[in-house]
Amino acid sequence: MNESKLYRRVQRRSLHRSRSLAVIVALSIVVLVLVFVAIESVLEALGQGPMVVSPTDATAFLDTNPQVAPSIAAGAAVLGIILIVIALAPARLGRHIIPNERLAIVVDDSALAGALLREARTESRVSDNRIRASVTRRSARVSVTPTSGVPVNAGRTKSVVDAVLDDLSPKPGVRANVTIEKSGAVGS
Amino acid sequence: MSRSNRVMNRIILVLLGIVLLAVAAGVAVVGFEGKTSLFGGAIVVPDVTLPKATSAVLWIIAASAAVVVILALAWIFTRGRGRTSTLVDLRLADGEIAVDVDFAADLLDDALKGTHDVSATHVRGYSVRSTPTLEVRVVARRGADLRGIIDAVALATTRLDLVLEQRIPVLLHVVSAVRPDRAHENRAR
């Protein structure tokens with residue numbers, strides 16, 4: 001397998017959850033239920049008494065008490081729909097790919113937000129707790145609370161954030177949104 | 001980066017979902033026994049009679065349950081495979097050269113130790129489509145210089161290439177530290 005193909009594969013797989021956990025949980029429950037069914041079936045086939053309830057008694061119970069059927073059916077249907085949703089949902093992880101000629105790179109959105117925060121902080125010259133940054137799949141939000149009386153240049157802050165995004169060029173593409181809070185805070 | 005077959009995982013989940021929906025439909029039909037149609041004939045309730053639980057039927061049920069159980073356990077215990085500890089395995093005419101993943105991990109770890117924004121490095125080896133591949137997970141400090149980290153890892157990797165005399169595929173995964181650096185935030189200003 002050549003390197004770029006391999007890189008595309010590992011990057012693609014890094015952006016989505018594998019659903020292995022869901023499969024393990026679901027199959028474990030299936031195993032428990034089927035082991036129980038198998039044991040009860042064998043016991044009845046051998047003419048032994050049941051462990052909890054024999055298959056014949058269980059179906060007979062359902063036959064004579066049809067009013068419990070809708071709740072059992074509803075429970076099974078809900079579980080079934082949950083499994084199908086887990087299988088078909090994209091299961092995206094909050095990560096972005098960053099192109100590089102030597103490495104396959106995947107960064108968590110929080111780390112990407114950190115890089116934007118760093119540059120915006122240097123430009124706006126506010127302290128760490130006055131600036132917030134977050135990154136979602138398609139957009140980045142940076143919000144700065146200026147110190148009272150020391151204006152922060154929104155345009156320049158936006159352009160340094162854009163420069164970082166330009167340099168890293170994360171995939172899928174991210175658009176920056178910089179907001180400077182109207183009311184500043186007192187102090188450094 | 002494990003070898004788990006993800007398409008198969010999804011297919012299994014869909015199949016289990018369909019089986020559960022079928023069970024739901026079957027049980028619901030039993031609940032409407034005695035009525036032949038619902039909603040003024042809009043839905044026709046089929047007349048189902050379960051087969052008598054003869055000993056042959058019970059053995060068939062037990063045997064098929066056992067088969068499904070074995071397949072399910074086999075699938076469960078083969079998840080998350082694909083790790084490898086051998087990075088390079090060269091068989092030459094006059095001997096064999098094997099390089100352990102730990103060796104590369106030590107080199108990378110050492111090279112990244114000086115990078116200020118990196119608070120930890122974890123290196124693991126995977127066999128991706130039978131190609132040994134390194135996964136370098138770097139924990140970045142809050143507000144880290146991402147470009148700096150990437151360049152540092154790329155440089156460390158090219159040095160590794162020189163040492164090993166071959167190019168190893170590397171996946172760099174940058175995560176951010178769970179807790180921000182409190183000491184840094186609380187310092188006197």
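The values are calculated or read from the model by the stated rules, or taken from the named source; none is laboratory data. As the structure is a prediction and not an experimental result, all values here were calculated from the model. Because the Cβ atoms are built from the backbone with ideal geometry, glycine has one as well, and the counts that use them run over all protein chains shown.
Points worth noting:
- Checked against the criterion of being within 26 Å of the chain's Cα centre (by Cα), within 26 Å of residue A:93 (Cβ to Cβ) and not in a helix (DSSP H, G or I), region A:6-15 contains one or more residues that satisfy it.
- Test: residue B:69 is surrounded by 12 or more Cβ atoms within 10 Å (Cβ to Cβ) and more than 9 Å from chain A (Cβ to nearest Cβ): no
- Any hit, region B:8-28, residues being more than 7 Å from every other protein chain (Cβ to nearest Cβ), more than 26 Å from residue A:28 (Cβ to Cβ), surrounded by 14 or more Cβ atoms within 10 Å (Cβ to Cβ) and at pLDDT 70 or above: no
- Qualifying residue in region A:163-170 (condition: surrounded by fewer than 15 Cβ atoms within 10 Å (Cβ to Cβ), within 8 Å of chain B (Cβ to nearest Cβ) and closer than 15 Å to residue B:146 by Cα): yes
- Taking region B:102-157 as the range and being farther than 20 Å from residue B:90 by Cβ, within 26 Å of the chain's Cα centre (by Cα) and of a type in the set (Ser, Thr, Tyr) as the test, the residues that pass are B:119, B:121.
Each row is one residue, and each column tells you yes or no for (1) within 26 Å of residue B:129 (Cα to Cα); (2) in contact with a Phe, Trp or Tyr (Cβ under 6 Å, 6 or more places away or on another chain).
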residue: A:2; (1), (2): yes, no
residue: A:5; (1), (2): yes, no
residue: A:36; (1), (2): no, no
residue: A:45; (1), (2): no, yes
residue: A:55; (1), (2): no, no
residue: A:61; (1), (2): no, no
residue: A:82; (1), (2): no, no
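- Among the candidates B:156, B:65, residue that is in a helix (DSSP H, G or I) and over 27 Å from residue A:103 (Cα atoms): B:65
- Matching strands (runs of 3 or more DSSP E) fully within region A:102-188 where at least 2 residues are small (Gly, Ala, Ser) and under 25 Å from the mean Cα position of the chain (by Cα): A:131-135, A:139-144
- Residue ID - surrounded by the fewest Cβ atoms within 10 Å (Cβ to Cβ), chosen from residues in region A:125-150 that are modelled with pLDDT under 85 and away from chain B (no Cβ under 12 Å): A:149
- So residue A:18, is it outside any helix (DSSP H, G or I) and within 8 Å of another protein chain (Cβ to nearest Cβ): yes
- Failed condition for residue A:6, given (1) farther than 23 Å from residue B:22 by Cβ; (2) buried (at least 17 other Cβ atoms within 10 Å of the Cβ); (3) more than 7 Å from chain B (Cβ to nearest Cβ): (3)
- Count of region B:72-97 residues which are of a type outside the set (Gly, Ala, Ser) and within 9 Å of another protein chain (Cβ to nearest Cβ): 4
- Of all residues in region B:68-121, those being of a type in the set (Val, Ile, Thr) and assigned to a helix (DSSP H, G or I) number 5.
- Matching entry among A:33, A:42 (being on the phi < 0 side of the Ramachandran plot and facing chain B (nearest Cβ under 7 Å)): A:42
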